[in-house]
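S.K.: To start, I am sharing the structure in question, which I have written as C-alpha cells.
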Amino acid sequence: MANVFTGSEIVDIGIQIERNGKDFYNALISQTRNNEAIEIFTLLAKEEDKHIAVFQKLLEAVGKFEPQEGYPGEYCEYMNSLAGEYVFTQKGKGKEAAGRAKDEKAGIDMGIGFEKDSIIFYQGMKKVVPESDKDAIDALIKEEKKHLVKLTRLKKKL
C-alpha cells in the first residue's frame, strides 16, 4: 500500500485545504471587478483563516487516535484516495487554481467544486477524530455548506 495517513496527518491535510482555499479566494479577489463577488470572496478567505485555527486545535487532540476498521488500514486507504484526488490537499494549489479561472463565473464554479470536495473530505475526517471533537468537524462542514450556498447565489446573480 502506498501512502497511509495517521489521524494527525489527515487533520494536517484539512489545514492545507483551508490554506489553499484562502489563497484561492484571495487570488479571485484580485481577478474580479464585480463588487459583490469581491465582498463574498473576501468573506470566504477570512472564514478559511478561522477554519485553520479550528483544525490546529483539533491537531492537538487527535494524536494517535485510530478509527475502527473492517481490516487494518481500511479507513486510511479511503482517506488517501480522497486526498489523492483532491487538488487542494497539495501545497500552493489555491492560487494556481484561481489563475486558471478565465472569468468570475469560472472562478465561482471552481469554488463550488472545491467546497463540495471539502465537505466530502471533512465528513470522512470525522472518523479519525475522537468523539469529543466531532462537533468541531460538524461545525466546519456546516460552514463549508454556507460557503457553497453563498457561491451558488452569487453565480445566479452574475
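The values are calculated or read from the model by the stated rules, or taken from the named source; none is laboratory data. As the structure is a computational prediction, the values presented were derived from the model and not from experiment. Note: ideal-geometry Cβ built from the backbone for every residue, glycine included; neighbour counts use all protein chains shown.
S.K.: Listed residues 133, 138; which is surrounded by fewer than 18 Cβ atoms within 10 Å (Cβ to Cβ), part of a helix (DSSP H, G or I) and of a type outside the set (Lys, Arg)?
M.R.: Result of the check over 133, 138: 138.
S.K.: Across region 86-98, which residue is modelled with the highest pLDDT among those that are of a type in the set (Lys, Arg) and surrounded by 13 or more Cβ atoms within 10 Å (Cβ to Cβ)?
M.R.: Among those residues, the one meeting the criterion is 95.
S.K.: Still on this structure: Would you please list the contacts, defined by Cβ atoms under 6 Å and residues six or more apart or on different chains, that run from a residue in region 122-149 that is closer than 18 Å to residue 77 by Cβ to a residue that is not in a helix (DSSP H, G or I)?
M.R.: What qualifies is 127/67; 128/67.
S.K.: Report, ordered by the first and then the second residue, all pairs with beta carbons closer than 7 Å, sequence separation of six or more or different chains, a first member in region 24-52 that is closer than 30 Å to residue 135 by Cβ, and a second member that is in a helix (DSSP H, G or I) and acidic (Asp, Glu).
M.R.: From region 24-52, the pairs are 25/48; 47/143; 48/18; 51/18; 51/143; 52/18.
S.K.: So, residue 58, is that one closer than 22 Å to residue 125 by Cβ and in contact with an Asp or Glu (Cβ under 6 Å, 6 or more places away or on another chain) or not?
M.R.: Here the answer is yes, as residue 58 does meet what is asked.
S.K.: Also: If you go through region 120-130 one residue at a time, how many are crowded, with 18+ Cβ neighbours inside 10 Å and β-branched (Val, Ile, Thr)?
M.R.: Number of matching residues: 2.
S.K.: With the requirement that a residue be among the polar types (S, T, N, Q), surrounded by 13 or more Cβ atoms within 10 Å (Cβ to Cβ) and either modelled with pLDDT under 80 or closer than 27 Å to residue 154 by Cα (or both), what does region 30-85 give you?
M.R.: 31, 32, 34, 42, 80
S.K.: Also, quick follow-up: Restricting to region 13-28, name every residue that is over 13 Å from residue 54 (Cα atoms), at pLDDT below 95 and polar (S, T, N, Q).
M.R.: 20
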